[in-house]
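Below: one structure, written as structure tokens.
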Amino acid sequence: MIILDDLIIREYDVDGFTYRKIDSSVFATFDIETSLLKFPGMEYPQGVMYIWQFCFGCNEWRDLYIGRTWEDFKLLVGEIGELYNYGGKYNLLPCYVHNLGYEFQWLRSIFTITDMFAVKTRVPVRFTADDTFSFRCSYRLTNMSLAKFCKQ
């Protein structure tokens, strides 16, 4: 079980564990690194995600998680959603992704996608995943390159 214990908002006990409710200033960021690989016996190269990074926090604190499999990522976001009681239309964790349209091609196969706003087919500005996370495209929202966005 993943324990995130840097939060100081409101504590409550469930089954002997102390959980803390987080406030609305908390957000997440997400990025993946991928490569094209030609596997033996396959005619064409296949896209492969080989590492993901998920940062969760606010201006006062941040936790960075790095993993190699989609199963680990699903476990992490499931634990965060459950631990901090995210879910429902008005209690979603915002998760910013620069160029969400690319990551969406991968995320759509591991999450249940609902409530999407897109500028073109499969080019979302925002979507809800598993009724817990609101993935948002920081590129579309800021209209800045990642380098310029980080400097700002």
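Please determine whether any residue of segment 77-85 is touching a residue at least 40 places away in the same chain (Cβ under 8 Å), in contact with a helix residue (DSSP H, G or I) (Cβ under 7 Å, 6 or more places away or on another chain) and open to solvent by 70 Å² or more (accessible area, probe 1.4 Å).
No, segment 77-85 contains no residue that is touching a residue at least 40 places away in the same chain (Cβ under 8 Å), in contact with a helix residue (DSSP H, G or I) (Cβ under 7 Å, 6 or more places away or on another chain) and open to solvent by 70 Å² or more (accessible area, probe 1.4 Å).
State which residue is nearest to PHE73 (Cα to Cα) when the search covers only segment 109-131 and only residues that are open to solvent by less than 70 Å² (accessible area, probe 1.4 Å) and modelled with pLDDT under 90.
Looking at residues that are open to solvent by less than 70 Å² (accessible area, probe 1.4 Å) and modelled with pLDDT under 90, I get THR114.
For the list (1) closer than 22 Å to GLY47 by Cα; (2) without any contact (Cβ under 8 Å) to a residue 40 or more places away in the chain, I need the number of the one condition that TRP106 fails.
The one condition TRP106 does not meet is (2).
Can you confirm whether CYS95 is within 13 Å of the chain's Cα centre (by Cα) and not small (Gly, Ala, Ser)? Spell out the reasoning first.
Numbers: within 13 Å of the chain's Cα centre (by Cα): yes; not small (Gly, Ala, Ser): yes.
Against the criterion (within 13 Å of the chain's Cα centre (by Cα) and not small (Gly, Ala, Ser)), CYS95 qualifies.
Are any residues in segment 117-152 β-branched (Val, Ile, Thr) and touching a residue at least 12 places away in the same chain (Cβ under 8 Å), and if so, which ones? Spell out how you get there, then give the answer.
The first filter runs over segment 117-152 and keeps only residues β-branched (Val, Ile, Thr), leaving 119, 121, 123, 125, 128, 132, 142.
Selection gives VAL119, VAL123, VAL125, THR128, THR132.
Is it the case, given these coordinates, that ILE51 is within 15 Å of PHE30 (Cα to Cα) and open to solvent by 40 Å² or more (accessible area, probe 1.4 Å)?
Numbers: within 15 Å of PHE30 (Cα to Cα): yes; open to solvent by 40 Å² or more (accessible area, probe 1.4 Å): no.
No.
Filter segment 86-108 for residues that are in contact with a helix residue (DSSP H, G or I) (Cβ under 9 Å, 6 or more places away or on another chain) and open to solvent by less than 10 Å² (accessible area, probe 1.4 Å); which is farthest from ASP31 (Cα to Cα)?
Taking segment 86-108 and keeping what is in contact with a helix residue (DSSP H, G or I) (Cβ under 9 Å, 6 or more places away or on another chain), we get 86-87, 93, 95-101, 106-107.
Checking which are open to solvent by less than 10 Å² (accessible area, probe 1.4 Å) leaves us with 93, 95, 97, 100, 107.
Working: LEU93: 16, CYS95: 10, VAL97: 6, LEU100: 9, LEU107: 11 Å.
Among those residues, the one meeting the criterion is LEU93.
Scan (1) basic (Lys, Arg); (2) closer than 23 Å to VAL125 by Cα; (3) touching a Cys at 6+ places or on another chain (Cβ under 6 Å) for the single condition ARG62 breaks and write down its number.
Answer for ARG62: the failing condition is (2).
Is it the case that TYR65 is open to solvent by 70 Å² or more (accessible area, probe 1.4 Å) and at pLDDT 90 or above? Show your work before the answer.
Values: open to solvent by 70 Å² or more (accessible area, probe 1.4 Å): no; at pLDDT 90 or above: yes.
No, not satisfied.
The values are calculated or read from the model by the stated rules, or taken from the named source; none is laboratory data. Keep in mind it's a predicted model, so treat the numbers as computed, not measured. Glycine gets a Cβ as well: all are built from the backbone with ideal geometry, and neighbour counts include every protein chain shown. Remember, those area values only see protein heavy atoms, side chains included, never the ligands or the DNA or RNA. Shrake-Rupley method; radii C 1.70, N 1.55, O 1.52, S 1.80 Å.
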